[in-house]
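Structure first, commentary second.
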Amino acid sequence: MIENPLRPRLTRHPDGITAIDADYIRPGLAAAHLMVERGRAAFIDVGTNHSVPLLLAALGELGIAREAVDYVFLTHVHLDHAGGAGLLMRSLPNARAVIHPRGARHLADPARLIAASIAVYGETLYRELYGELEPIAADRIHTMRDAEVLSLAGRELTLIDTPGHALHHYCLLDRAHANVFTGDTFGLSYREFDTAAGALIVPTTTPTQFDPEQLIASIDRLLSYQPRAAYLMHYSRVTGLPRLAQSLKIQIGEFTAMARRHAADPDREAGIRADMLALWTRLAREHGCRLTDAEIAGLLEKDLELNASGLAAWLDRVSPPH
């Protein structure tokens, strides 16, 4: 009898870093990362409850004992990043979950997080995507501080507060190797859009705390450390970061202009989605992407929906309806 039929999709990167496909919605959409240093390990973002067996199988495939995992870094508490953390922690007896102070209480007691997610996704899709969230015991949560440094077997990891995508977001700086783990702060970059010119990147402005000025400031702060590579959950390693950062900042400005342009529309989110898809299709073509228009739209469909909702929520905050 085969004890573990799971075969996680792994991508080996430099510096002891492995991307594990979290199998969220489709292959190549969400990557949990595992960092290994001198036999000790840390996860950076973990996917959903459905991802947990894959993460544990990856430990086995890489020869890492579950007892050797010291940290579960959760860049923010959106469920595609942190939904499986409570279940995963059950199998990692020595790990501490490192969480932003604005998010920690939501993973210790996930009732409000569940309700907010159901409001975004609807209950049927929510249950299908995320299952039943497990709380993390409060004594296993480490609440991060801005510029705090934690050590993984002597490898220093600096925690950087990065609002803009969400107020409960931080990133990790692996200074010795010039890496940053950016959650959603540094946008999304799906490997299907890669060309000879490198990666194509787009911002993520999902509900409900998107703030363009904060997000641009967080991107600039990350770039100030002069990293060579960024590890995104959607999807994994990108380089050439100054070019990507400039593209993100230009797009964020265009997004806010779209939102204002459609503010009075009967269905403003539909207008925002149409403009955003046109922008992304143009950028993909300029980048040398040979996917069809339908393929581009299909890969970005969920991001278009969530980004439009996030921009509408931002618009309501800055220009509330009378």
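The values are calculated or read from the model by the stated rules, or taken from the named source; none is laboratory data. Keep in mind that what you see is a predicted model, and the values were worked out from it rather than measured. All Cβ positions, glycine included, derive from the backbone under ideal geometry; neighbour counts span all protein chains shown.
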Problem - Top-ranked residue of the stretch 26-36 - restricted to ones that are more than 14 Å from Leu172 (Cβ to Cβ) and under 14 Å from the mean Cα position of the chain (by Cα), ranked as surrounded by the fewest Cβ atoms within 10 Å (Cβ to Cβ) - result: Gly28
Handout entry: Of residues in the stretch 120-139 being buried (at least 16 other Cβ atoms within 10 Å of the Cβ) and of a type in the set (Val, Ile, Thr), the one nearest to Thr75 (Cα to Cα)
Key = Ile136
Handout entry: Ser117 vs. criteria on the phi < 0 side of the Ramachandran plot, surrounded by 24 or more Cβ atoms within 10 Å (Cβ to Cβ) and either assigned to a helix (DSSP H, G or I) or among the acidic types (Asp, Glu) (or both)
Key = no
Problem - the stretch 150-159 - residue that is part of a strand (DSSP E or B) and in contact with a strand residue (DSSP E or B) (Cβ under 7 Å, 6 or more places away or on another chain) and, of those, nearest to His76 (Cα to Cα) - result: Leu159
Practice task
Looking only at the stretch 7-18, decide whether some residue is small (Gly, Ala, Ser), outside any helix (DSSP H, G or I) and surrounded by fewer than 21 Cβ atoms within 10 Å (Cβ to Cβ).
Solution key: yes
Exercise for the section: Would you mind finding the one in Lys302, Lys249 that is within 29 Å of Cys171 (Cα to Cα) and touching a Pro at 6+ places or on another chain (Cβ under 9 Å)? Expected result: Lys249
Handout entry: Residue identified as of a type in the set (D, E, K, R), over 27 Å from Pro163 (Cα atoms) and more than 16 Å from the chain's Cα centre (by Cα) among Arg96, Arg90
Key = Arg90
Handout entry: Subset of the stretch 294-310 (residues that are charged (D, E, K, R) and either surrounded by 18 or more Cβ atoms within 10 Å (Cβ to Cβ) or within 22 Å of Gly198 (Cβ to Cβ) (or both))
Key = Glu295, Asp303
Problem - Leu300 being within 23 Å of the chain's Cα centre (by Cα), within 23 Å of Asp80 (Cβ to Cβ) and at pLDDT 95 or above - result: yes
Exercise for the section: Would you mind stating whether Val98 is closer than 21 Å to Tyr24 by Cα and assigned to a strand (DSSP E or B)? Expected result: no
Practice task
Of the numbered conditions (1) assigned to a helix (DSSP H, G or I); (2) surrounded by fewer than 23 Cβ atoms within 10 Å (Cβ to Cβ), Ala147 fails exactly one; give the number of that condition.
Solution key: (1)
Fill in the blank from the handout: Being within 15 Å of His33 (Cα to Cα) and among the aliphatic types (A, V, I, L, M) narrows Ile99, Ile64, Ile136 down to just Ile64
Completion exercise
Expected output for the stretch 52-65 (first residue surrounded by fewer than 16 Cβ atoms within 10 Å (Cβ to Cβ), partner assigned to a helix (DSSP H, G or I), Cβ below 8 Å, 6+ apart or cross-chain) is Ala65/Leu59
